[in-house]
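Below is one structure, written out as structure tokens; comments come after it.
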Amino acid sequence: MNRIQTKLQDNKKLLSIYFTAGYPSINDTVSIIKDLETNGVDMIEIGLPFSDPLADGPTIQASSTQALKNGMTTELLFEQLKDIRASVNIPLIIMGYFNPMFQYGVEAFCKKCKEVGVDGLIIPDLPVDVYHKEYQAIFEKYGLINVFLITPQTSDERIKYIDSISNGFIYMVSSASTTGAQSGFGETQTKYFKRIGDMKLKNPQVIGFGISNNETFTQATTYAKGAIIGSAFVKHITNNGPKSIKNFVDKILNK
Amino acid sequence: MENYNVDENGYYGEFGGAFIPEMLYPNVEELRQNYLKIMAEPDFKAEFDKLLKDYVGRPSPLYFAKRLSKKYNTKIYLKREDLNHTGAHKINNTIGQILMAKRLGKHRIIAETGAGQHGVATATVCALMGLECIVYMGEIDIARQAPNVARMKMLGAKVVPALSGSRTLKDATNEAIRDWINNPVDTHYIIGSAIGPHPYPDMVTKFQAVISEEIKWQLKEQEGRENPDYVIACIGGGSNAAGTYYHYLHEKDVKIIAVEAAGLGVNSGESAATSVLGKEGIIHGCKTLLMQTNDGQITEPYSISAGLDYPGVGPMHAHLCKTGRAEFMAATDADAMNAGLDLCKLEGIIPAIETSHALAIFEHKTFKPDDVVVVSLSGRGDKDLNNYIDYFKI
């Protein structure tokens, strides 16, 4: 069983953290992953930086730009991750845009993921139908889980289709927005969370976008298996440095 | 025969498609399901045609350029898109899309712009229809295209600087896409070129197709035949080219030439010649040829013309290039500037610098004396006066 699937069976709400590889400094990638695990994070999305991250707000855009300036590349990320499984056990997911993976070669990329111990991918601009038709067989060959997004505007029919293609979790975007644009959930969101919960999908849902503190984490995990924090974490290490991870995670988990 | 139009899945050969985040899916899908139906409605067509005639000033003349023809010893016709309201072909598409947006019930319009021509054309139709208009423009372009920024403001648009990345056209496009993600219900995004996720390249092409539709009957009147030997257009994203070629794509006897911006030279490192320098990849929602690093990061092109410095090319054109249906050529800054000035002196027409790239190929390619060559004169040069002044020290 894939580490993501195993983790989803844990009898607890999951905290997943996104950060941009190669940010703030080029060699921070591995130590950030280790610190996140040590401090109780359940799953990590490693952001592969892209020049034109069109689903991201200013915080993650800026971290991507800086990471690229620092010299981050696909090859270097795999190099940094090559011994990661000697010390890290939680699921690792690479989150990035499709073009860098396409240039690397989708099969070569998937093969590398398996080699270093990456468990899954989130590729916002690879639509589910293209994945299904052209790439699903490759992902499955290398035991990778591809995670798809749904939004409040996604129709029930399409959610069911996405659920049928998925074999890990569904990334439930809390509101129609780029990353880092929202803070806090209102009635519209909770209604949407409930609606999806009532659909009794085969894959658990993890909520992302708009989660930045203990309150929003608790709210989100009332309705879903877990929650993903991205921009708030990137902002935190921008302001406090990558050594301040414990402080951030403790606050989220109210430790 | 090879099909050069879009197929039912939104592809031109291997190019095209809709590589969009799920957040955009409902909007793009709504458009995909409705655009052909709406365009076929008699009252849509009637309103579109009437506005093109009474507001834009169509048909634009097909003008036989006598002195230019004499210089190059061939028969050159200029399709005068520069005489359209707002000074370029861009308005054909914005008229079409604003009518589309109204029928889809959208009341907030967003657009991206590089040099400002598409921004002005969008602001214009929003004023015409009384709709809110937000135009994203790279911070650097705002500084170098001040008159067009003022025009957009006078027309009631809000101009928002794109501060991310290289702060030019591709980043303005990213910002417009982000806006659309954040406003998924009431907003229509008017893309200005034959790029973006399906159905945009096809929709923009079909709105611009009026150019070649007119060339056909105008040439028949003047030359006794609908088909020229060559159609030529400059190409950045490729909307004027798409419209100029459209009705000739499957006419084998019509040769198609696309002229890209070579900047300081195709291999100088300062160029926008995507067909030569680009590789297959994904940009702004479609698979096409684009300029990028080996690592798949999109690079910043260069051209003296702000309308041609886009790192990609529309998927239809990528297919025309790959199949050899179109011949791709490139003109440098210097080629283009000289050709532009030449047209001023020979024909009394000041062309946009984008357009000057198309004119520049007469120095590099020889045509037969009885060849009929139609060049899309996509825009007028008023917006480029400062560039011409600086370049020639006028």
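Throughout, read-outs are computed from the coordinates displayed, never taken from laboratory work. Predicted, not measured: the structure shown is a model, and the values here were computed from it. Every residue, glycine as well, gets a Cβ built from its backbone with ideal geometry; the counts of neighbours run over all protein chains shown.
Brief remarks follow.
- Paramagnetic reach from B:Leu264 (point 7 Å along Cα→Cβ, amide N under 19 Å) across region B:309-336: B:309-311, B:330-336
- Estimated translational D of chain B in µm²/s (Stokes, Kirkwood radius over Cα pairs; 20 °C; 1.002 mPa s): 104 µm²/s
- Net lengthening on full extension, A:Gln9/A:Thr238 (0.36 nm per residue, minus Cα-Cα): 79.1 nm
- FRET E, pair A:Lys202, A:Ala108, Förster distance 30 Å, beta-carbon r, rounded to 0.05: 0.45
- Disulfide-incompatible cysteines by the Cβ rule (no partner under 4.7 Å) in chain B: B:Cys234, B:Cys286, B:Cys321, B:Cys344
- Spin-label model, B:Glu280/A:Lys191: points 7 Å from Cα along the beta carbon direction are separated by 4.5 nm.
- What separates the Cα centres of region B:135-153 and region A:74-130 is a distance of 40 Å.
- Legend: mean number of C-beta atoms from other chains within 10 angstrom of residue C-beta atoms, peptide A:124-133, equals 4.
- Kirkwood-based Rg to Rh ratio, the protein assembly as shown, C-alpha trace: 1.00
- Inter-chain shielding of A:47-53 (mean C-beta neighbours from other protein chains, 10 Å cut-off): 6
- Between B:Ser239, B:Ser268, B:Ser305, the residue with the greatest mean-square fluctuation in the GNM of chain B (Cα pairs under 10 Å linked by springs) is B:Ser268.
- Inter-label distance for B:Lys53 and A:Lys251, nm, one decimal - labels placed 7 Å from Cα along Cα-to-Cβ: 6.5 nm
- In plain terms, if you count all Cα to Cα distances in region A:80-219 and split them into 5 Å steps from zero, the share in each step is 2, 9, 18, 20, 17, 16, 10, 6, 1 percent.
- Temperature 37 °C, viscosity 0.692 mPa s: under these conditions the Stokes-Einstein estimate for region A:13-253, based on its Kirkwood radius over C-alpha pairs, is 183 µm² per second.
- Structure remark: mean-square fluctuation, Gaussian network model of chain A, C-alpha springs under 10 Å; the largest value among A:Ile245, A:Ile228, A:Ile122 belongs to A:Ile245.
- Mean-square fluctuations from a GNM of chain B, with a 10 angstrom spring cutoff on Cα atoms, peak among B:Lys216, B:Lys75, B:Lys252 at B:Lys252.
- Taking label positions 7 Å along the Cα-Cβ direction at both B:Ala334 and B:Lys365, the computed distance is 2.2 nm, reported to one decimal.
- Per-residue shielding of B:288-296, expressed as the average number of other chain Cβ atoms within 10 Å of the residue Cβ, stands at 5.
- Modelled FRET efficiency - R0 35 Å, B:Met154 with B:Gln33, Cβ distances, 0.05 increments: 0.45
- Amide hydrogen proximity for B:Tyr136: with H placed 1.01 Å from N in the peptide plane, the residues at 5 or more positions away or on another chain lying under 5 Å are B:Ala111, B:Glu112, B:Thr113, B:Val160.
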